[in-house]
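The values are calculated or read from the model by the stated rules, or taken from the named source; none is laboratory data. Since this is a predicted model, take the numbers as computed values, not measurements. Backbone-built Cβ (ideal geometry, glycine too); neighbour counts: all protein chains shown. Side chains are part of the model used for accessible areas, which takes the heavy atoms of the whole protein and leaves out ligands, DNA and RNA. Shrake-Rupley method; radii C 1.70, N 1.55, O 1.52, S 1.80 Å.
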Amino acid sequence: MADDKRTIHLVSLGCPKNRVDSEVMLGVAMERGYLNVDDPEDADVIVVNTCGFIDPAKKESVDTILEMADFRTEGRCNKLVVAGCLSQRHPDEMARELPEVDHFLGSSDMLKLGSVLGGDAERVLVGKPADWVIAAENPRTVSSRPGSAYLKIAEGCNRKCSFCVIPSLRGKQRSRSIDDVVREAERLVASGVKELNLISQDTISFGRDTKQGALAQLVERVAEVPGVHWVRLFYLYPEKLDDALVDLLADHPRVLPYVDMPLQHAADGMLRRMRRGHGGQRLYDLVERLRGRVKDLTFRTAFIVGHPGETDAEFEELLEFVSWARFDRVGVFRYSDEDGSHAAELEGKVDEDTAEVRYHQLMEMARQIAAENNAELVDRELDVLVEGESDEHELVLMGRHRGQAPSIDGQVYLSGTEYLDRQPVPGDMVKVRVTQSSDYDVAGEVIDWLDKAPAARPVANVRLRVLPSDRRDVT
Ligand code: SF4
């Protein structure tokens, strides 16, 4: 490592939206000649981009800051910076309680890292949540595996779900312009990205605040960017989806038949208490319509158990709904009181043991259904994006098929590559015949090439330390 080169280590906590913010901060640093290092031991500057929306995530953030502070007091590090949702939520308290930290940035202050690195910045630089939305001209160093990247299309949320404080951390909905998102998509694809994962807090509301075109128009424009292979949608709020969007999911060759739509519950009374703005029947209608229209749909969703007021009967209704809908991917979360949330003031708190029992009961039902759905892939031929060596099994190549989102949905373990003209590399796309399945993963033989990766993307070796929080987040 060049001793004269200044170095930076970045830890990104929480959700993919926070990860994109981390990548912007890395872009800001690398524009100033900083080198990204994997080991905090070797870093002049350490940045912790925090998550602050629920207790476990807050604890993880504070533990990580204290861990990094050791390098500040004992190591090479001469600047410890804390950014993101936790410092947005508690700037003064954290500045008081954490003297080891040199600078605090909020959830909209990523570009201010420049003045921090320039050495002329205040200690607390936490602005208002609505001060910034990422733009195509912002520097950004993509950290996901070659061939894939997140594309943040908007920031903030205007909804009032009872259990959620994100609107106070991220501000009101602020959509980017369609042209600006397409400009960034073109830049990412030009750097070798084939899969674009569209994210925001409330993706279905894209463009409503700017009146310049709805989500379907954006998705179609992004899917028409030359060289893009897969466009995947995340964080869809359960509203009546417009026909144009459903048609894209069903018919467009590059828009994946993949829906990430956290539903949170299914019982009318509970959905009312959660202030979700609809009843359970809408969810039955949505699932029926999407399954009926979109062939090979992969449906990912999330539920909260133990929300104040949840009765045994309401939980039974949720189980009934899940066993009927047969979702492919389900995240289950135990409710937790969040200061500032509407639910924290509600009566009828559910005791932890009951929430725990419900959590395991629903997780087990979801796991069985996922395993059965996954088994139906055996003997099918799937398009797979190669990601590289598996984290679990050394020397085993792995990738993801169209129904598997990055980091959260399982993998495809590849064999039979010895018959190819070369060993597949990250970013390649291959055709695979599935030979085995488990709950979320499958294994299969590579039977042909689909698209070979262009020369390795220059920034492929950049790695953020992303702590996989099992609590992705809400919507
Ligand atoms: S749960 Fe999602 S949609 Fe609801 S307020 Fe939070 S971020 Fe917005």
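The value obtained for region 381-451, namely the Cα convex hull volume divided by the number of residues, is 81 Å³ per residue.
Per residue of the chain, the DSSP helices (runs of n ≥ 4 H) give a summed -39500 (n - 2.57) that works out to -9500 deg cm²/dmol at 222 nm. To the nearest 10, the accessible area of residue 435 is 70 Å² with a 1.4 Å probe.
A viscosity of 0.890 mPa s and a temperature of 25 °C, combined with the Kirkwood radius over Cα pairs in Stokes-Einstein, give a translational diffusion coefficient for the chain of 106 µm²/s. Pairs of alpha carbons in region 202-297 separated by more than 21 Å make up 36% of all such pairs. Considering only Cα atoms, the convex hull volume of region 291-383 works out to 126 Å³ per residue. Using only side-chain charges placed at the Cβ, +1 for Lys and Arg and -1 for Asp and Glu, the dipole size of the chain relative to its Cα centre rounds to 1580 debye.
Solvent-accessible area per residue in the chain equals 40 Å², computed with a 1.4 angstrom probe and all protein chains kept. Taking the Cα centre of region 148-375 as origin and assigning +1 to Lys and Arg Cβ atoms and -1 to Asp and Glu Cβ atoms, the resulting dipole is close to 900 debye.
The heavy atoms of residue 5 offer some 80 square angstrom of accessible surface to a 1.4 angstrom probe. Shape summary of region 117-157, radius of gyration then Dmax from alpha carbon positions: 14.1, 38 Å.
Here the calculated FRET efficiency for residue 66 and residue 187, from their Cβ-Cβ distance with R0 = 41 Å, stands at 0.65, rounded to the nearest 0.05. Here the accessible area of the chain is 49 percent carbon and sulfur, with a 1.4 angstrom probe and all protein chains present. Positive-end ranking of 68, 299, 446 along the dipole of the chain, with charges on Cβ about the Cα centre, is headed by 299. Shown is the FRET efficiency for residue 42 and residue 100, computed with R0 = 22 Å from the Cβ-Cβ distance and rounded to the nearest 0.05: 0.70. With 0.36 nm allotted per residue and the present C-alpha distance subtracted, the residue 123-residue 452 stretch has 113.7 nm of extension available. Only one residue of 248, 335, 308 has its Cα farthest out toward the positive end of the dipole of the chain, where Lys and Arg carry +1 and Asp and Glu -1 on Cβ, and that residue is 248. Relative to the current alpha-carbon distance between residue 395 and residue 353, full extension at 0.36 nm per residue lengthens the span by 10.9 nm.
Shape index of region 148-375: Rg/Rh, with Rg the Cα radius of gyration and Rh the Kirkwood radius from the inverse mean 1/r over Cα pairs, equals 0.98. Solvent-accessible surface (1.4 Å probe) assigned to residue 152 amounts to roughly 0 Å². Unpaired cysteine residues in the chain (no second Cys Cβ under 4.7 Å): 15, 51, 77, 85, 157.
For region 241-311, the normalised intensity computed at q = 0.16, 0.17, 0.25 Å⁻¹ comes to -0.61, -0.67, -1.09 (log10 of I(q)/I(0), Debye sum over alpha carbons, equal scatterers, no solvent).
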